[in-house]
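Student: Input: one structure, supplied below.
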Amino acid sequence: MGAEAGTVLVTTDLTVGGMTCAACVTRVEKKLGKLDGVTATVNLATGMARVSHPADIGPEELVATVEKAGYTAALPEPPRKAEEPASDDGGDAEGTRQERNRLVVTALLALPVLVLSMAPALQFRNWQWLCFALAAPVAVWGAWPFHTRAVRGLRHSAATMDTLVSLGVVASFAWSAYALFLGGAGDPWMKMPFTLVPTASDGVAHLYLEAAVGVPLFVLAGRFLEARARHGTGEALRSLARLAAKEVSVRTADGSERLIDVEELRAGQVFLVRPGERVATDGEVTEGSSAVDLSLVTGESEPVEVGPGSAVVGGAVNAGGLLLVRATAVGADTQLARITRLVTEAQAGKARAQRLADSVAGVFVPVVLALAVTALGFWLGAGADPQAALTACVAVLVVACPCALGLATPTALMAATGRGAQLGVLVTGPQALEGLQHLDAVVLDKTGTLTTGHMTVARITAVADGLGKAAVLRLAGAVEQGSEHPLGRAVCACARREQGEQRLPEVSEFSALPGRGVRGRVEGRLVEVLAPDDDLPGELVDALAGAEDAARTPVVVRVDGRAEALIEVGDVLRPGSYRAVDRLRRLGVRPVLATGDREAPARAVARALGIEEVHARRTPEDKAALVRDLQEQGYRVAVVGDGVNDAAALAGADLGIAMGGGTDVAAGAADVTLVRGDIEALADAVRLARRTLATIRANLVWAFGYNVVTVPLAMVGLLNPMLAAAAMSASSVLVVANSLRLRAWQPSPSASAAARRHTR
């Protein structure tokens with residue numbers, strides 16, 4: 001039911017227990033959906049339900065509704081403290097150990113039964129009674145979880161995968177008991193051949209003890225392996241959680257140090273980061289210089305040099321010297337927390353194909369039960385041997401598998417979103433992956449997206465017989481120390497980088513020349529940094545023409561009245577921008593440049609990147625209109641931006657993509673965030689999305705195809721129940737294993753190498 005207009009909706013996450021297949025997922029979603037104004041998305045792989053509900057419906061009512069459906073529910077536990085680390089051995093709960101112990105005991109009891117039933121040469125006097133004694137605890141205790149869940153479902157008028165397994169075990173064991181006690185199979189010297197295809201009886205009822213033990217053994221083993229594999233799909237998310245520091249040394253007012261829990265850290269406090277330690281939270285360096293490793297946080301492969309004024313991200317590793325950092329964000333406001341939250345939310349969604357699979361799963365089990373009864377009635381009505389009819393019925397029950405349908409999307413999505421987070425690509429859910437896969441056009445902002453977004457010295461041209469680039473830059477940087485103009489700050493910053501540890505010389509007699517530049521005396525020389533005039537050497541005239549073509553701002557450095565160099569200042573291209581645009585074009589995506597900047601800079605950037613379509617001087621409304629125009633032409637459009645002026649276009653596009661270093665407004669309107677601020681990650685995101693959707697489709701084709709093939713085979717009597725159980729378990733494990741391959745997905749090696757060469 002939809003919520004009434006004006007109703008305030010809130011979102012609550014629930015941990016749901018007892019779900020074993022897609023039919024369980026569908027049942028929980030339907031039960032929650034019957035509450036007024038409530039919608040729910042349940043994830044089989046994570047065991048989580050994301051529920052959107054009116055504020056007047058509390059979590060207690062949601063939990064009670066799930067429990068009425070026959071499952072357990074609870075609010076998620078708070079994050080573990082450092083002294084209570086989560087185990088990584090496939091599960092840290094008592095229930096996991098019990099499942100493992102149940103599987104081991106079941107295997108020890110079932111294996112002798114399987115060997116004796118399948119090898120007539122090994123069958124000795126009264127072998128069948130030994131097998132019956134071993135099979136009884138397997139059929140009762142080993143299969144107890146299936147029986148209890150089947151009974152619980154029956155009490156709630158629901159049938160799930162456990163219903164099918166339980167009925168198959170009970171039918172096989174009950175028939176075997178009948179055969180032993182009443183059907184002549186209890187004769188001490190009775191021999192029973194094993195056949196892959198059921199055969200007519202020879203006057204003695206056949207035993208199906210191998211099915212009675214094989215079905216629970218294979219299903220338990222399959223679910224245990226499946227749980228281990230599903231644990232692996234979430235490893236990337238757990239690795240993000242492990243990046244968070246547990247304790248931090250803070251600097252007190254009197255200059256001393258104090259060790260506190262990271263939860264006690266507050267914004268504005270100064271903390272220490274020693275070599276080899278993780279940065280406790282997002283902050284700004286106040287003292288010290290070092291290189292920090294961001295590879296586990298943003299996917300940035302190269303360490304980043306930081307110093308006073310540099311921003312650092314919580315979870316990064318200090319690879320160099322001691323740093324003092326002032327905390328700017330703590331707790332849920334940090335970038336690491338936002339990344340973790342985005343990945344978690346993304347894994348809760350469903351692709352369109354999965355929603356179809358869930359719809360099928362909702363009627364799957366009742367249909368299978370009907371088919372099993374139909375097969376039994378048909379064979380009995382056709383005059384077939386009762387045990388052959390029973391074999392076909394049991395085979396239908398145990399071979400059907402909605403588990404694979406329920407796992408097809410969430411396992412692939414968990415693996416892909418986790419891998420994407422490791423590579424610096426965050427997606428909000430499967431809809432974003434589907435949008436990435438089908439992109440036709442991408443509208444690229446210029447400033448801060450394709451370019452660095454701040455004024456930088458792009459090129460220095462020095463006269464051949466002069467002081468040289470290094471000396472001229474040093475003098476120009478010194479005189480610009482007194483300037484507040486963006487051009488002056490860019491020249492000064494470049495000079496300081498080139499000087500390294502050495503300080504720039506002092507300037508005296510500094511004066512600003514309005515509209516022209518600055519001058520001052522440095523080391524006894526008159527240094528002027530001025531706008532170009534007509535009195536320039538030929539080589540600087542040529543450089544000036546190049547600067548105008550590239551839409552850069554040129555300044556001339558004169559020393560004692562002689563023109564020594566031309567410095568070009570502008571917003572330079574980000575490393576990897578050319579490669580990113582080229583890779584997008586090769587992927588069949590049309591690049592379009594849209595910027596609020598002037599025509600000349602926009603054309604220069606487009607020319608450098610090979611972008612043919614350019615839209616300059618565009619307001620936020622113009623950008624949104626451009627997106628609508630492209631959509632009307634039939635394009636599926638993505639917008640890449642980093643600022644407030646991009647938010648409207650990001651929201652209106654089929655897919656919004658925000659740069660990681662951009663504003664919160666842009667990130668909030670986006671479906672995908674490139675955390676490391678590298679535009680080349682967009683091509684990686686498109687390729688990862690296409691691989692993920694291909695994996696999901698392959699999973700669903702297998703899950704549907706498996707049932708389409710095996711259920712008819714079982715109905716016509718061509719499938720032994722034990723083999724049916726093995727095939728059913730294998731189908732779920734194969735789906736999960738196929739999804740796990742996404743954890744090892746790598747961007748194109750040639751692309752990565754080219755990007756590294758381009759940045760050198």
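Coordinate-derived values only; no laboratory data. No experiment lies behind these values; they were computed from the predicted model shown. Positions of Cβ are generated from backbone atoms using ideal geometry, with glycine treated the same way; all protein chains shown enter the neighbour counts.
Student: How much length is gained on full extension from E247 to A291, taking 0.36 nm per residue of separation minus their Cα-Cα distance?
Tutor: 13.7 nm
Student: Let me ask something else about it. Amide H to amide H under 5 Å from R590: which residues, 5+ apart in sequence or cross-chain, H placed 1.01 Å off N in plane?
Tutor: Result for R590 returns A441, V442.
Student: If each residue's Cβ is checked for other Cβ atoms within 10 Å, how do K469, K446 rank with the fewest at the top?
Tutor: Working: K469 16, K446 27.
Sorted ascending by nearby Cβ count, the order is K469, K446.
Student: Give, in nm to one decimal, the length gained when the segment between D560 and A55 is fully stretched (0.36 nm per residue of separation minus the Cα-Cα distance). Please report the intermediate quantities before stating the final value.
Tutor: On the way: separation 505, 0.36 × 505 = 181.80 nm, distance 7.44 nm.
Here the segment from D560 to A55 would lengthen by 174.4 nm.
Student: Moving to a separate point now. Quick one: Cα convex hull volume of segment 456-570, Å³ per residue? Walk me through the intermediate numbers first.
Tutor: Values: hull volume 10.7 nm³, N = 115.
Looking at segment 456-570, the number lands at 93 Å³ per residue.
Student: Exposure proxy check: S249, S739, S508, S483 ranked by fewest other beta carbons within 10 Å? Walk me through the intermediate numbers first.
Tutor: Numbers: S249 14, S739 29, S508 11, S483 19.
Ascending number of Cβ neighbours within 10 Å: S508, S249, S483, S739.
Student: Here's a follow-up. In whole angstrom, note down how far apart the Cα centers of segment 420-482 and segment 483-536 are.
Tutor: When both Cα centres are located, 23 Å separates them.
Student: Can you list residues whose amide H is under 5 Å from H615's amide H, if they're 5+ apart or on another chain and H is modeled 1.01 Å from N?
Tutor: Those qualifying (amide H under 5 Å, at least 5 residues apart or on another chain) are L593, A594, T595.
Student: Now, a different point. Quick one: if you stick a label point 7 Å off each Cα along the C-beta vector at T72 and L154, how many nm between them?
Tutor: Going from the T72 label point to the L154 one covers 2.2 nm.
Student: Here's a follow-up. Between L182 and N126, what FRET efficiency follows from the Cβ-Cβ distance if R0 is 25 Å, with the result rounded to 0.05? Could you put the intermediate results ahead of the total?
Tutor: Details: r = 17 Å, r/R0 = 0.69.
In this case the efficiency is close to 0.90.
Student: What is the extension gain from L9 to A600, computed as 0.36 nm multiplied by their sequence separation minus the C-alpha to C-alpha distance, in nm to one decimal? Provide the component values of the computation, followed by the final result.
Tutor: Values: separation 591, 0.36 × 591 = 212.76 nm, distance 4.81 nm.
Extra length available between L9 and A600 comes to 208.0 nm.
Student: Next up: Based on the Cβ-Cβ distance of A531 and E284, what FRET efficiency does E = 1/(1 + (r/R0)^6) give at R0 = 45 Å, to the nearest 0.05?
Tutor: 0.85
Student: Same structure, new question: So who's got an amide H within less than 5 Å of the one on A458, skipping anything under 5 residues away but keeping other chains? H placed 1.01 Å off N, in plane.
Tutor: E568, V569, G570
Student: Can you give the FRET efficiency for E264 and D629, using 1/(1 + (r/R0)^6), R0 = 56 Å, r = Cβ-Cβ distance, to the nearest 0.05? Write out the running numbers ahead of the final one.
Tutor: Details: r = 53 Å, r/R0 = 0.95.
So the FRET efficiency works out to roughly 0.60.
Student: Okay, next question. Within a 10 angstrom radius of the beta carbon, how do I460, I567 rank from fewest other beta carbons to most? Could you put the intermediate results ahead of the total?
Tutor: Values: I460 20, I567 28.
Ordered from fewest to most neighbouring Cβ atoms within 10 Å, I460, I567 come out as I460, I567.
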